[in-house]
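Colleague: Please find one structure pasted underneath; my questions will follow.
The values are calculated or read from the model by the stated rules, or taken from the named source; none is laboratory data. This is a predicted model, so every value here is computed, not measured. All Cβ positions, even for glycine, are placed from backbone atoms using ideal geometry, and neighbour counts span all protein chains on display. Keep in mind that these areas ignore ligands, DNA and RNA; they rest on the heavy atoms of the full protein, side chains included. Shrake-Rupley method; radii C 1.70, N 1.55, O 1.52, S 1.80 Å.
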Amino acid sequence: MNSIPLEVSELSKSFGGGRMFPWQEKKEPIKAVDNVSFQIKRGEIYGLIGANGSGKSTVVRMISTLLTPDAGSVRVFGFDIERDELEVRRLLNRVSPDPSFFKNMSALENLLFFARIYGMGSDEIKRKSFEILSRLDLGDRIREPMLHFSRGQQQKVAVARAFLTSPVMMLLDEPTTGLDPASKLEVQNFIREVRADHDATVLLTTHDMDEAERLCDRIAFLVNGRIVTEGTSLELRSQIANGRPVEEISMETVFLEITGKTIEEDEEVLVHG
Amino acid sequence: MASVTNRAFGSGSSWALSMAFVERQTNLWKRYWGWELVWLVYGVVNTVAITLIADQAGAVSGQDVSQFVLFLLIGTLVWAYLSAVLDDISLVVQWERWEGTIEHTLMAPVPRSLHLLGMSVFGILHGLIRTVLIFAIALLFFDIDFGNVDVLATVAVVLVGSVSVAALAILAGLLPLLYPERGAQMSMMVQASLLLISGVYYEVDVLPAWLQVFSFISPATYILDGIRGAMIEGESIVDVADTLAILALFGMIMVPMSLWAFNWAERYAKRTGKLKRMG
Ligand SMILES: Nc1ncnc2c1ncn2[C@@H]1O[C@H](COP(=O)(O)OP(=O)(O)OP(=O)(O)O)[C@@H](O)[C@H]1O
Ligand SMILES: [Mg+2]
């Protein structure tokens, strides 16, 4: 196992071009991820930011071994996602934007299953589940069917599911979307904590620019499947400062300018609309 | 770091990984006990109704139909068992698609063979329990002489035969990986065809010749044949050895084939983005 938690090299993925049988009609493929390269250092929280459909989740899915790249490679601690699939899977876990559970089973039954398939024992799972869910204010509802939970509560259980297996590489795809401010803070503290306690490395996507700025050591911007820029939030702000004082530039402005959805355009819409 | 990776790589025997699926299915089954009751009632009614056809035949012809009664009873029970096993295992992908859990299950560090083994173990146990219950209740309706039954031979045929049935269910269950919209319907058609070709309610000899070709390659044909031999003719384990050998051969061919096909289908789904589209 080498020491670079995540190495993504020249990764590309298109959808819809292929066909199963030669007689099927060939459609124009959608290029979801286009020649993406980046590396994450040990213990780093690395943000992947971009507009809807820019390819963030597709990158996360390829790293999670759920999608095969068309080109390029991904290595997790030196293990190749295609050649060493099982080794990679042991090292990572993921929070997906939609909290996906067996809705009729209780939170605990779900967590038992999703952690046992990572090789954990029942007693340890029960203890840790209770611990994590208590911190997220759900400790007393652990035996209730997931069906009874609100979306945000389900999202909390999804966060618990990922942290339960103590992954060394954590893939967080919009982990705090739909959470109230207090729960959001609690999850963000969690993320920092696992980084500190378990020496975990984190890849985070989010649409919350404050969150990105507060949590991420470095941030990459995806536009139409390509990384257009990468750096610390300070570096990104100075990139677009153009003479303006850096402190006055918000991450929202950085987002709008880098993704090409500039303020000017918005103003134009206002004027003409 | 070392401790984290040790944990990730070290613990969890293969059997424990498979049992995680058995435990999950058991938990799901408990939550859906109402459906279990529905299937039980349906199974009993179906078994009794079809077996009564034999009684009717006896009343019309005035002949002794006790063998025919047993023939139909075994047919419906074996079919109840086979469809329970096929239903359970062939939902391996589709069920998790409905729930939305498919990606989280498939990305776990479980070799696919152990995942499918767990699903198969639960499917077979579940099918056995349900069928034994249907059998016990159906017995209240008939006066049947089981003097001839060779229990050991019967159990042997059921167990050896279940292996290839599980493999068949896995083959049906992978279809939703290839066709997210229509795969589940296609799985059901596989199951329906099996009912026609395997001689559940009649000897396969009565089928048109071209259909008998399919009977020949359906493991269910041999399971029914073996069980009827053991329960009606009182054939011993030695007498059904031929049938057992054929069923074992089916298993040896179909198990690797189903695993290979499932892996292939999973790779196809991962290449084309068909595992899941949301998020
Ligand atoms: N399984 C799939 N099949 C077909 N097209 C897909 C699939 N997954 C993603 N796409 C397409 O690839 C592009 C990138 O999608 P992706 O989900 O990666 O975006 P995203 O950056 O995560 O967006 P969001 O912020 O809305 O979550 C989109 O155009 C999407 O329609
Ligand atoms: Mg996304």
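Colleague: Given a Förster distance of 22 angstrom, what is the FRET efficiency for residue B:128 paired with residue B:201, based on the Cβ-Cβ distance and rounded to 0.05?
Modeller: Using R0 = 22 Å, I get an efficiency of 0.55.
Colleague: For an R0 of 51 angstrom, estimate the FRET efficiency from the Cβ-Cβ distance between residue A:28 and residue A:180 and round to the nearest 0.05.
Modeller: Working: r = 42 Å, r/R0 = 0.83.
For R0 = 51 Å, the calculated efficiency reads 0.75.
Colleague: Using only Cα atoms, what Kirkwood radius does the stretch B:15-272 have, in angstroms? Numbers along the way, then the final one.
Modeller: Details: mean 1/r = 0.0520 Å⁻¹.
19.2 Å is the Kirkwood radius here.
Colleague: Here's something else I'd like to know. Highest first, please rank the peptides A:207-218, A:91-102 by the mean number of other Cβ atoms sitting within 10 Å of their residues.
Modeller: Descending packing order for the listed peptides: A:91-102, A:207-218.
Colleague: Using every Cα-Cα pair within the protein assembly as shown, state what percent have a distance larger than 39 Å.
Modeller: Tail of P(r) above 39 Å: 38 percent of Cα pairs.
Colleague: Counting helices only, and only those DSSP H runs with n ≥ 4, report the 222 nm mean residue ellipticity of chain B as the sum of -39,500 (n - 2.57) divided by its residues, in deg cm²/dmol to the nearest 500.
Modeller: That calculation yields -25000 deg cm²/dmol at 222 nm.
Colleague: How far is the Cα center of the stretch A:26-63 from the Cα center of the stretch A:118-194, in Å?
Modeller: When both Cα centres are located, 24 Å separates them.
Colleague: Which of the trypsin sites (Lys or Arg not before Pro) across the stretch A:1-60 are loop residues per DSSP, with 15 or fewer other Cβ within 10 Å? Please report the intermediate quantities before stating the final value.
Modeller: Working: sites: A:13, A:19, A:26, A:27, A:31, A:41, A:42, A:56; in loops: A:19, A:26, A:27, A:41, A:42.
Counting only loop positions with at most 15 other Cβ atoms within 10 Å, the trypsin sites (Lys or Arg not before Pro) in the stretch A:1-60 are A:19, A:26, A:27, A:41, A:42.
Colleague: Using a 1.4 Å probe on protein heavy atoms only, how many Å² of accessible area do B and A hide from each other, summed over both chains and rounded to 100?
Modeller: Result for this pair: about 4400 Å² buried.
Colleague: Report, ordered by chain and residue number, the lysines lying within cross-link reach of residue B:276, taken as a straight Cα distance under 29 Å and ignoring same-chain residues fewer than 8 apart.
Modeller: A:13, A:26, A:27, A:31, A:56, A:103, A:156, A:184, B:30
Colleague: If we sort A:61-68, A:124-131 on the protection proxy, mean other Cβ atoms within 10 Å, highest first, what's the order? Before the final figure, lay out each step's value.
Modeller: Details: A:61-68: 23.8, A:124-131: 16.2.
The peptides rank, most packed first, as A:61-68, A:124-131.
Colleague: Here's something else I'd like to know. Sort B:206, A:187 from largest to smallest accessible area, using a 1.4 Å probe on the heavy atoms of the protein chains. Please report the intermediate quantities before stating the final value.
Modeller: On the way: B:206 105, A:187 0 Å².
Largest accessible area first, the residues go B:206, A:187.
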